[in-house]
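Comments concern the structure below.
The values are calculated or read from the model by the stated rules, or taken from the named source; none is laboratory data. Since the structure is predicted, the reported quantities are computational estimates derived from the model, not experimental observations. Note that each Cβ is placed from the backbone with ideal geometry, even for glycine, and that neighbours are counted across all protein chains shown.
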Amino acid sequence: MIAACPLPEDTKKLKTEFIINIPSAVATGGSADNGCDSVFTSVSSICPFSNNQRDGYNQMFIHKGQTAHHINHMNDNQPEPLNPEEGGYEHYHEKVEGRKIQARSDSFKDHFSQAKLFLNSLSKDEKQHLYDAFSFELGKCDMEIRELAINNLLNNIDRDLTEYVADHVGVPVPPENNEST
C-alpha cells in the first residue's frame, strides 16, 4: 500500500511525493515473512512544504534568503504569502447582524503589572542580579535609548529599579513616578 500527497504547483523541479511503504503482510492482515513486528518499515518524508522551520535536527534543505517571514527588510519581503486564488489563506466572510467590532479590552492596555508581579516574586539576590543586568545591558546602548527605556519602561514598573539603573547608566532619574500598582 502506498500513500502519496500531491505537490504544490510551484515545485516543478522536484517531482517527488510523500511516500509511506506499508509491508504487504500488514496491509493484507497476514504475518510478515521477515519477522519484523513494526507496522511501518520505511517512512520517507521528502515532500517539500513551507513551514518556516529552518533549523533543527534532520533539517536537510538549503533555504534561500535570510528570512523566513514575510514582512522583512532583508530579503525583499520574501517569502511572500500565496494569494487565495493560488491556494493561500483567505478570511472567512461571515454574515453578522448587529454590531461587531475588533477591539481590545481595557486590560490589554496594562503592559506593566505582570512585570511588576515578576519583580516582586524575586528574592533579594535575584532582584539585585536583575538590577545589575539592566544596568549592564542599557550601559551598552546609546544615551537616547537609555533615557527612553528608563523613562517609558522601567519607571512604569518599579521606582527603585528605575533609580538604581538610572544612577548606574548616567541618566537623570525621571521626576514623576509612573509605577504600576
Output yes when any residue across segment 101-120 is of a type in the set (D, E) and at pLDDT below 90, and no when none is.
-> yes
Touching a residue at least 12 places away in the same chain (Cβ under 8 Å), surrounded by 10 or more Cβ atoms within 10 Å (Cβ to Cβ) and of a type outside the set (S, T, Y): does that describe K127?
-> no
Going through segment 113-136 one residue at a time, which ones are touching a helix residue (DSSP H, G or I) at 6+ places or on another chain (Cβ under 9 Å) and of a type in the set (D, E, K, R)?
-> K116, K127, D132
How about segment 140-181: which of its residues are in contact (Cβ under 8 Å) with a residue 24 or more places away in the chain, among the small types (G, A, S) and surrounded by 13 or more Cβ atoms within 10 Å (Cβ to Cβ)?
-> S180
